[in-house]
Structures are given as C-alpha cells and as structure tokens.
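The values are calculated or read from the model by the stated rules, or taken from the named source; none is laboratory data. Computed from a predicted model, the values in this text were never measured in an experiment. Every residue, glycine as well, gets a Cβ built from its backbone with ideal geometry; the counts of neighbours run over all protein chains shown. Side chains included, ligands, DNA and RNA excluded: accessible areas come from the protein's heavy atoms. Shrake-Rupley method; radii C 1.70, N 1.55, O 1.52, S 1.80 Å.
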Amino acid sequence: MILVVDFGGQTAHLISRRLKQLGCPAKFILPENALQEVSKEKPLGIILSGGPMSVYEKDAPTIDKKIFDLGLPILGICYGFQIIPQLLGGEVISGRKEYGPATLKITNHKSQITKSLPDTSTVWMNHGDEIVKLPEDFEVVGETENVPFTFSVSKKRNIYGVLFHPEVEHTENGSQILKNFIEICGIEKHEFSIDPKAIIENIKKTVGNAHIIGAVSGGVDSAVAATLVAKAVGKQFTPIFVDNGLMREDAQKSVKTIFEGFGIVPTIVKCESEMLKRLKGIIDPEQKRKVIGNFYIDIFEEEMFKLIKKDKDVQFLLQGTIYSDVIESQGTRHASRIKSHHNVGGLPENMKLKLIEPLRELYKDEVRALGRTIGLPEEFVVKQPFPGPGFAVRIRGEVTPDRLAKEKQADKIVLEELKNAGILPKIFISFPVMTESFSTAVKGDGKFFGEVICLRVVESKDIMTATWAKLPYEILQKISSRIVNEVPGISRVVYDISTKPPATMEWE
Ligand code: GLN
C-alpha cells in the first residue's frame, strides 16, 4: 500500500481516493505518526499531501527527516513537496502565487514519473509559497510560466515533488502521474468497489431494534443515505423534512416520492416564519450557517421527543454528510476551516443521539454512482447539489422575506433557461447570488438604483475543484434580460468567472 500523509490540505483525502480508483490500497495518516505507521504497515511508497500552513512557519506540521532515508519512493504534493527542501537543505519563501489553473510544461520526459505525459497540459495549483532552492540531487522535470521548480525529481533518493495537485479532477493527466508513481512503487492492481449490501448490513447491525430519525432535504446525498437506511430498517426510520423556506420548490415533493416505495411517510415540519425570524439581522456568513444549523437541531430534538412519547426508542440520527462537507468544516487535524457545514461538528451533548453517516467518506460522484446502484431514479441522482443552509447562503447580508423571494424567482429563471437550452444536465450547480451591492440602471427611461445579481454556473464532478461554465452568450443574455425585467429591484446581472480554488462553490 501507499501511506498518504495528511498535512491538512483540502484535497489530501482525495489522494487516497484516487489511489484506490487506480487500484492501489492506501491509508490516510497524520505526519506525527508517519515513522510508526511505516514500520507497522510496511508501505511500498509514501505520498505527502498539501496543507494550509507555510513550511517555514513556527508551528507548521512537519515530518521526521528519517522518512527520506528509508529508500521508499516518496511523492510530495504542494506543501508535501515544499517540506522536502525545507528539511533537506533547500529554501522555501512566500513567493509567486498560483491559485487555480496553470500550464505545466514537461522539460524532461525521461523520468519514470513523467512517463506518457504530453509536452504541455493544464494543472491545478493552490499555493502562495515558492521553492527557490532545491536540495542537492534534485532536478527539474517540469515548469509553469511563473514557477520554475514546479515538478522536480531526485533519482538518487527516489523522491518526486509536484507543486500542483495531481489528485484533482481538473488537473489533466493527474491520474497518469499517480499511476506512474504507483508503478515506481511496484504496487499490483487491486479492485475496490463500494458495496451497498455491506453498508446496509452495517446500518442494520448498528441500529438493531432502535429507532432512527433522519434529515432529508430532497438532495441527492440525503436521498441516498435515507434510501440505504430505509432498506436496512424500514419503518424503524422516520425521515424528517424541514420546510424552512430556504429550499428549492421541488424539494418536498422529491422527499415524498422517494419514500413512497418503502411505505414510509416522512414528517414535514413547516417552520418558514420562525426560520426567517431567527435569521433577522444576521449578516455574518458563519453565524448564518450556525443559526440555521442550531434551528435544525432544535427541530430534530422536538421531533425526537414526540416519537419517544409514542414509545419509539429513538437512538440514532441519520445525516447525509459527504466528505467535501467534512473537509471544509476542518475535517482533519491540520486542515483549515473554510466554512461550517451544519451537518458536521456534532450534536449538543444533551441530545444523546448517535450519528449515522453512511456517506461520510464518499465524494459526490461516488454518492451518485451508489444512488444508481441502489435503484434511486435518475432524476434524483443527477440533481444539482443544494447547500444545507439553502438560499440563505446565496443571499449576501440579511435574509429578508423580500430578498428571499427575489432570489427564488431569479433561481427559477436560471434553471428554466438552462433547461430550455438543453444544457442543464451538463451543469453541476447553477444559482444567482443576491450580492448586496447596488448599481444604477435606466429602466423605462427613468433612473433606477437596484441590487446586482451575480450568476454562478459551474462544472465539476466531486465539488473539490470546479470551473465556471462557458455558457453560450445567447443564454447568458437571455438570463440577464429575464432577471432584470422580471425580478423587481434588480439593476444588473454579472457572471462569476472564478474557479475553485480559490473561490468556493457558494459565496458564503
Ligand atoms: N500553504 C502552502 C502554500 O500556500 C501550501 C499549499 C498547498 O499545499 N496547497 O504554498
């Protein structure tokens, strides 16, 4: 196997997923335990992940230098590359920055790690630090326009370093580089697959005769998670849909349809006005997420007590958390908190429910594939991801009933136009953002000062990286005209052309 050392990068865990996809067993470990894990697991190679800190910072995570003397092939990725010169006599400084796509030029095709790579390709970067001096024995095999030491190798030490991220979907040939490394390690191909039967059995065993309640939003994650639970324990499961007014219109209908086949009637909790009351005056995005998260918990608590009164032994709470939620909420010891997902971070002590999260280790595309395997209708499987806090995080500043109505109206227009143009299936996520900035317009020959809506439409598979959709101009035009004409108070529409990274999917 390959040991993947986690320095806290957003895509660190994705490295082990990619290895498994390529048929290579992998274990995800902390740098503090690296030497110990090496003697325990006897890996055939090591990958050092990216991370949010700078290797020259005082408390930056590090690794025992002895790791480099073991003779094992080592591949460092970004932070995991920078740590090599930091420890072996090179130099890293805060230098030229590259966030998002860059063009990699291979300057030496003879190394085993650059096998089958084209002369140039697009790679995804996410660094602010730069290696200005490589340790002895290292040579450069690839560069980008801005950074000469992007891809380096020490043949003698069997160490490889890339400043870009081969593990992300948008790095062309990233899998080829990982494949080359697996070959260097001499690892034979294994087959990995996600086995729904095993997941269902596991849920059955864990839940026993107890009762489980679960959050369902109509989105694909909770639909897959809830279907697994319904298959495992049937009527011992009470799905709960929180109708807080922040979801898309079709969500409630989807939830009902999913459970019809199981003879389960979901509990629908109507609470839009209370939700908006709690959101009054809240403008900080993190606080907004917290308020919504806490409200969910209050509702589940109430529903739990109602079920207990009916003699149900409620012991578990199901959540459709997936790995991208976990990592953005600071999923590992050295990771940064990007935003708090309401379904990550635990429940209040007194609630005493045990969490069941069957999808916690999976990525969006894996969840979709699993959904297909367990027979979820295609229309659910291909649905756009929709954030737990719903439209609230697509409205910058305060969520008022009036702004929420405008956001929903604009959202519908965007969906309609993408659908009419036949491109909705290619789109990963689309939404308008109420930006809380205002601009002047001339409407009907009179001055008009109104809010600017920003349109975000992205393409991605696993949420970890994304590009903005190159929509045909005519469609952009149509959406823009319809929004300014139909949604009251809007003066202008702009298009978001930011990649992830650095920009996240949602604005808040
Ligand atoms: N924090 C480091 C930098 O900005 C490493 C980033 C990374 O590993 N993606 O250069």
Determine whether Leu163 is within 27 Å of Lys27 (Cβ to Cβ), within 16 Å of the ligand (Cβ to nearest atom) and in contact with an Asp or Glu (Cβ under 9 Å, 6 or more places away or on another chain). yes
Near pairs, Cβ below 6 angstrom, 6+ apart or cross-chain, from region 50-69 (without any contact (Cβ under 8 Å) to a residue 24 or more places away in the chain) to any residue that is open to solvent by 20 Å² or more (accessible area, probe 1.4 Å) and assigned to a loop (DSSP other than H, G, I, E, B): Ala60/Met53
Right, Glu145: farther than 15 Å from Ile184 by Cβ and modelled with pLDDT of 95 or more or not? no
Here's a check for you: in region 302-326, which residue that is under 18 Å from Leu228 (Cβ atoms) and outside any helix (DSSP H, G or I) is nearest to the chain's Cα centre (by Cα)? Ile322
Just one of (1) in contact with a Ser or Thr (Cβ under 8 Å, 6 or more places away or on another chain); (2) at pLDDT 95 or above trips up Asp462, so point out which. (2)
Unmet requirement for Glu201, which otherwise passes all of (1) under 21 Å from Glu301 (Cα atoms); (2) at pLDDT 90 or above: (1)
Filter region 1-32 down to the residues that are free of Cβ contacts under 8 Å to residues at least 60 places away in the same chain and in contact with a helix residue (DSSP H, G or I) (Cβ under 9 Å, 6 or more places away or on another chain), then identify the one that is farthest from the ligand (Cβ to nearest atom). Lys27
Of the conditions (1) among the small types (Gly, Ala, Ser); (2) away from the ligand (no atom under 16 Å from the Cβ); (3) crowded, with 21+ Cβ neighbours inside 10 Å, the single one that Ser152 does not satisfy is (2)
Qualifying helices (runs of 4 or more DSSP H) (wholly inside region 327-437; at least 3 residues being touching a residue at least 24 places away in the same chain (Cβ under 8 Å)): 364-373, 401-420
